[in-house]
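**Student:** Pasting a structure below so you can have a look.
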Amino acid sequence: AKTGFPLCAWSSMARGYFAYVTDPDVVRVYDIPENQARRTRAEELGKQKGLSGPQIALAWTLNQPGNYFALCGLRNVDNVKQTLDILEVELSPEELRWLEWGER
């Protein structure tokens, strides 16, 4: 953040985990209690904001302080539209913290 150096978040959606991809390799790597809770919190905040959980998960990456970019594996026009919808989403520092850590 201090230097403004751009960073690209590789696998910003955890290879689809936050979009409920059921590939066994994705589940084996990412389906841990902490991520299950994060995915649930993303769904909850998404409902409050009229967005999906995956949109909130991606917004989390894009709202980090600094010069961040998210690499996304978009598969169809609907994916592109849903992704474009979040470009204007602003999450507060409190929302970012809550999505990451919950009620600590």
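The values are calculated or read from the model by the stated rules, or taken from the named source; none is laboratory data. These figures come from a predicted structure and were not determined experimentally. With ideal geometry, Cβ positions are generated from the backbone for all residues, glycine too; neighbour counts draw on all protein chains shown. These area figures cover heavy atoms from the full protein model, side chains too; ligands, DNA and RNA do not enter into them. Shrake-Rupley method; radii C 1.70, N 1.55, O 1.52, S 1.80 Å.
**Student:** So which of 28, 38 is surrounded by 14 or more Cβ atoms within 10 Å (Cβ to Cβ) and among the charged types (D, E, K, R)? I'd like the intermediate steps shown before the answer.
**Tutor:** Values: 28 fails: surrounded by 14 or more Cβ atoms within 10 Å (Cβ to Cβ).
Exactly one residue qualifies, and that residue is 38.
**Student:** Scan segment 86-99 for residues that are touching a helix residue (DSSP H, G or I) at 6+ places or on another chain (Cβ under 7 Å) and part of a helix (DSSP H, G or I) and report the count. Working first, answer last.
**Tutor:** Initial filter on segment 86-99 (touching a helix residue (DSSP H, G or I) at 6+ places or on another chain (Cβ under 7 Å)): 86, 89, 91, 95-96, 98-99.
After this cut, where a residue has to be part of a helix (DSSP H, G or I) as well, the list is 95-96, 98-99.
Total meeting the criteria: 4.
**Student:** Tell me which residues, restricted to segment 1-19, are farther than 21 Å from residue 91 by Cα and surrounded by fewer than 13 Cβ atoms within 10 Å (Cβ to Cβ).
**Tutor:** Those that are farther than 21 Å from residue 91 by Cα and surrounded by fewer than 13 Cβ atoms within 10 Å (Cβ to Cβ): 3, 5.
**Student:** When segment 26-69 is examined, which residues are found to be of a type in the set (D, E, K, R) and under 14 Å from residue 88 (Cα atoms)? Spell out how you get there, then give the answer.
**Tutor:** Applying the first criterion (of a type in the set (D, E, K, R)) to segment 26-69 yields 28, 31, 34, 38-39, 41, 43-44, 47, 49.
Matches in segment 26-69: 49 only.
**Student:** Looking at this structure, is residue 83 among the hydroxyl-bearing types (Ser, Thr, Tyr), open to solvent by less than 70 Å² (accessible area, probe 1.4 Å) and in contact with a helix residue (DSSP H, G or I) (Cβ under 8 Å, 6 or more places away or on another chain)? Can you show your working first?
**Tutor:** Values: among the hydroxyl-bearing types (Ser, Thr, Tyr): yes; open to solvent by less than 70 Å² (accessible area, probe 1.4 Å): yes; in contact with a helix residue (DSSP H, G or I) (Cβ under 8 Å, 6 or more places away or on another chain): yes.
Considered against the rule, which asks whether it is among the hydroxyl-bearing types (Ser, Thr, Tyr), open to solvent by less than 70 Å² (accessible area, probe 1.4 Å) and in contact with a helix residue (DSSP H, G or I) (Cβ under 8 Å, 6 or more places away or on another chain), residue 83 comes out as yes.
**Student:** Let me ask something else. Looking at segment 48-76, which of the residues that are under 10 Å from residue 12 (Cα atoms) and touching a strand residue (DSSP E or B) at 6+ places or on another chain (Cβ under 7 Å) is modelled with the lowest pLDDT?
**Tutor:** Ranking the candidates gives 71 first.
**Student:** Which of the residues spanning segment 77-104 are in contact with a Leu (Cβ under 9 Å, 6 or more places away or on another chain) and over 20 Å from residue 15 (Cβ atoms)?
**Tutor:** Step one: list which residues in segment 77-104 are in contact with a Leu (Cβ under 9 Å, 6 or more places away or on another chain), which gives 80, 82-83, 85-87, 89, 91, 95, 98-99.
Those that are in contact with a Leu (Cβ under 9 Å, 6 or more places away or on another chain) and over 20 Å from residue 15 (Cβ atoms): 85, 87, 89, 91, 95, 98.
**Student:** Taking segment 19-58 only, how many residues are under 18 Å from residue 86 (Cα atoms), in contact (Cβ under 8 Å) with a residue 40 or more places away in the chain and either small (Gly, Ala, Ser) or in contact with a Pro (Cβ under 9 Å, 6 or more places away or on another chain) (or both)?
**Tutor:** So the answer is 2.
**Student:** Hey, does segment 41-56 have a residue that's in a loop (DSSP other than H, G, I, E, B), open to solvent by less than 70 Å² (accessible area, probe 1.4 Å) and β-branched (Val, Ile, Thr)?
**Tutor:** So far as segment 41-56 goes, no, none of its residues is in a loop (DSSP other than H, G, I, E, B), open to solvent by less than 70 Å² (accessible area, probe 1.4 Å) and β-branched (Val, Ile, Thr).
**Student:** Kindly indicate whether any position in segment 65-77 is within 11 Å of the chain's Cα centre (by Cα), in a helix (DSSP H, G or I) and either of a type outside the set (S, T, N, Q) or surrounded by 13 or more Cβ atoms within 10 Å (Cβ to Cβ) (or both).
**Tutor:** no
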